[in-house]
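Reading through the structure tokens given below for one structure.
Derivation of every value follows stated rules applied to the coordinates shown; laboratory data play no part. A quick note: this is a predicted structure, and the numbers were derived from the prediction, not measured. Note that each Cβ is placed from the backbone with ideal geometry, even for glycine, and that neighbours are counted across all protein chains shown.
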Amino acid sequence: MTASTTTRSAITATGLRKSYGDKLVLDGVDLDIGEGTIFSLLGPNGAGKTTIVQILSTLIDADGGDIRIAGHDLAREPDAVRATIGVTGQFSAVDNLLTGRENLILMADLHHLGRDAGRERAAELLAQFDLAEAGAKPAGSYSGGMRRRLDLAMTLVGDPRIIFLDEPTTGLDPRSRRTMWQIIRELVADGVTIFLTTQYLEEADRLADRIALLDGGRLVAEGTPEQLKRLVPGGHVTLHLTGADELDAAARVLGDASRNEEALTLQVPSDGSVRALRSLLDRLDLASIEVENLSVHTPDLDDVFLALTERTETRKESLLR
């Protein structure tokens, strides 16, 4: 889902800084997020992800940096920015005592849509989020997945073109999470820009056009999911041989491989590409070595996350010595 190089910027930030007392939370963060794309911000707890969302959504002020959202200068035109964005936070904004329809109508009133337009918009969103039958029931009776769908529907009442989703699927079961993923994809297909923070690395991998990894208040890596995975070594092919003789022969042919005598396996470094795999099998075939089966492992975002945040921790420790 890589964004076109000609895509206009929905959000740009240069030199974004924020401190709380002596604690530096953001230390010169730069962002450039294209319109109609999904941008995911990852990082360990306390890295500053929620602080960035709060600044970009006008909830708190930055200490420094230039920010433009939908072409508007955030510092000079906060009202214009608010008119173009929507925010779904970590904690639901749903009122449990109101019905689903009443929650949406309340948001419509806050957006000054007018009585008829507000009720029409509420009906549209209930249908869009598969909540029409539940619309007359108190939101307190909804399941977790239904509440998150209603929460996002409330965010959409004002038809925002940029939406901040701060850990939107935390606590949801796998089925509800995938339902949310599909809703997010549909929004982007309609041209909406999504700024996503998540603790689920699979979620970022499945959804995001671009991912940035924030650690210690700084961006330590940014790129497409595939680009980030190539930053970390460790890809390999595990070959399961048919016997000890084949294991010895394959080890001689392949050279740079780790062997497991008991399991009759060889672990061969590889980037996992079709070309590399074909070359490996051709070498074995040329030597008449039979392979019972094989498995391919390529680094995933978990590997990237652990490797890059570990580097940051190591750098911090070295500075303290």
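Overview of values
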quantity: Considering only the chain, percent of DSSP beta bridges that pair antiparallel, nearest 5; calculated: 70
quantity: Gain upon complete extension [Val296, Lys23; 0.36 nm per residue less C-alpha separation]; calculated: 93.9 nm
quantity: Rh by Kirkwood over Cα pairs, then Stokes-Einstein D for segment 100-191 at 1.567 mPa s and 4 °C, µm²/s; calculated: 96
quantity: Förster radius 25 Å - calculated FRET efficiency between Ala83 and Ala189, Cβ distance, rounded to 0.05; calculated: 0.65
quantity: Estimated FRET transfer efficiency (Glu120, Thr12; beta-carbon r; R0 35 Å; 0.05); calculated: 0.50
quantity: At 1.306 mPa s and 10 °C, Stokes D of segment 236-297 from Kirkwood alpha-carbon radius, µm² per second; calculated: 141
quantity: Exposure proxy order (Cβ contacts within 10 Å, fewest to most) of Val304, Val268, Val274, Val291; calculated: Val274, Val291, Val268, Val304
quantity: Likely footprinting exposure, Ile183, Ile85, fewest C-beta neighbours within 10 Å first; calculated: Ile183, Ile85
quantity: Estimated 222 nm signal from helices in the chain, with DSSP H stretches of n ≥ 4 weighted -39500 (n - 2.57), rounded to 500; calculated: -11500 deg cm²/dmol
quantity: For segment 164-321: Kirkwood Rh in Å [reciprocal of mean 1/r, alpha carbons]; calculated: 18.8
quantity: Extent along principal axes [Cα atoms of the chain; Å; largest to smallest]; calculated: 80, 52, 38
quantity: Projected label distance in nm at Gln128 and Arg283, using a 7 Å step from Cα toward the beta-carbon; calculated: 5.4
quantity: Nearest-20 debye value, the chain charge dipole, Cβ charges on Lys, Arg, Asp, Glu; calculated: 780
quantity: Potential extension, Asp66-Asn96 segment - 0.36 nm per residue separation minus Cα distance; calculated: 6.9 nm
quantity: Amide hydrogen neighbours beyond the local backbone of Val87, cut-off 5 Å, H modeled; calculated: Phe164
quantity: Per-residue Cβ neighbour rank within 10 angstrom, fewest leading, Tyr20, Tyr200; calculated: Tyr20, Tyr200
